[in-house]
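Inspection log for the structure reproduced underneath, given as structure tokens.
Taken together, the values in this text are just the output of simple stated rules run on the coordinates, not laboratory data. Small disclaimer: the values here were computed from a predicted structure and weren't measured. Positions of Cβ are backbone-derived with ideal geometry, glycine not excepted, and every protein chain shown enters the neighbour counts.
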Amino acid sequence: MDVKSVGVIGAGQMGNGIAHVLAAAEYEVLLNDVSQDALDSAIATITGNLARQVSRGKITDEAMQAALGRISTTLELPQLGQTDLVIEAATEREAIKQAIFEDLQPHLLPHTILTSNTSSISITRLASRTDRPERFMGFHFMNPVPVMQLVELIRGIATDEETYKSCKTVVDRLGKTAASAEDFPAFIVNRILMPMINEAVYTLYEGVGSVQSIDQSMKLGANHPMGPLELADFIGLDTCLAIMNVLHDGLADTKYRPCPLLTKYVEAGWLGRKTERGFYDYRGEVPVPTR
């Protein structure tokens, strides 16, 4: 199927990035959220990111204005039912995602493909609650979306080949690379990445190293661009904990047990950059380790 219009559900960090790259690739984008403030903030963020690309000579001002002209916003979820492809990028909670798809289902066109940007939740299970499991798959962008080149495409057990090919065509047109993953907990990237982050938190919890020494060790000793605790703050500690719980519950292996210190930070509301405190305190000019 030739996708021309895309509905994006959720105007947060992931949703606005997805809307940005789709509009830049000449798709008509309808961005939805339950909050007008979130939609306004998303448009401001997209505008700022596009302007930065203009200043660096990556795109022209005309291309920026054209991309912004392709993005519409709405508080009404049913309006997204008229698009060819829907990408759900709401909060990483299964009950919320299921409710969104249930509310949207009566308004869908027969050919509309449903996808989720989930980083860990079962695609097969989400698809089974809809009327089109064969036209449902995982469409997992990496953060920050305009910068990161990978998109994980995850087939549910019922996803058909035409749906996969349609989504692969979209990824190609975005200038990104698709990695095909099977529908097992956390897929490829987070199946490998999150246990590393969790192990870094255990290393801190057990007093093997400080926040600074752990991050320095992985940056200078393993050539990682960001240390694992710095990266956890960037991702969001609540998201890291949610993915570790999915791995632990889904695979029933103690090696995926979330570190109690990670749970403690989330309970405190110290979720990383988005709350200005996590493994680092971001309220000053320079981030300061909190342990």
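So how far, in whole Å, is the C-alpha centre of segment 4-39 from the one of segment 243-283?
Using only Cα atoms to place each centre, the spacing works out to 27 Å.
Given the convex hull over the Cα atoms of the chain, what projected area results after averaging over all orientations, in nm²?
15.4
Can you pull out the GluC sites (Glu not before Pro) in segment 1-91 whose DSSP state is coil and whose Cβ has at most 16 other Cβ atoms within 10 Å?
Hits after loop and neighbour filter: GLU26, GLU76.
If each of LEU220 and ILE96 carries a label point 7 Å out from its Cα toward its Cβ, how far apart are those two points in nm?
According to this spin-label approximation, the distance is 3.9 nm.
Any chance you could run the full-extension gain for VAL147 through THR263? It's 0.36 nm times the residue separation minus the Cα-Cα distance, nm to one decimal.
Stretched out fully, the VAL147 to THR263 stretch lengthens by 38.8 nm.
Once you've got the Cα coordinates, tell me which of LYS4/LYS58; LYS97/LYS274; LYS176/LYS255; LYS97/LYS165; LYS176/LYS264 are over 29 Å apart.
Exceeds cut-off: LYS176/LYS255; LYS176/LYS264.
Using helices alone, what [θ] at 222 nm do you get for the chain, with -39,500 (n - 2.57) per DSSP H run of 4 or more residues, divided over all residues and rounded to the nearest 500?
-14000 deg cm²/dmol
Mean Kyte-Doolittle of at least 0.5 plus a Cα span of 20 Å or more along the axis: flag which DSSP H helices in the chain meet both, please.
Flagged H segments are 189-205, 237-251.
How many percent of the alpha carbon pairs in segment 191-289 exceed a separation of 19 Å?
Every Cα pair in segment 191-289 considered, those over 19 Å come to 37 percent.
Given the peptides 104-112, 198-206, arrange them by the average over their residues of other C-beta atoms within 10 Å, most packed first.
The densest-packed peptide leads the list: 198-206, 104-112.
In nanometres, what is the gap between the two model label sites at ARG125 and LYS165, each 7 Å from Cα along Cα-to-Cβ?
Here the modelled spin labels are 3.2 nm apart.
Given H placed 1.01 Å from N in the peptide plane, which residues other than close sequence neighbours of THR290 have an amide H under 5 Å from its amide H?
The answer is TYR280, ASP281.
For LYS168, list the aspartates and glutamates whose Cα falls under 20 Å from its own Cα; do not include residues on the same chain fewer than 8 positions away.
Filter leaves ASP2, GLU26, GLU28, ASP84, GLU88, GLU134, GLU152, ASP160, GLU182, ASP183.
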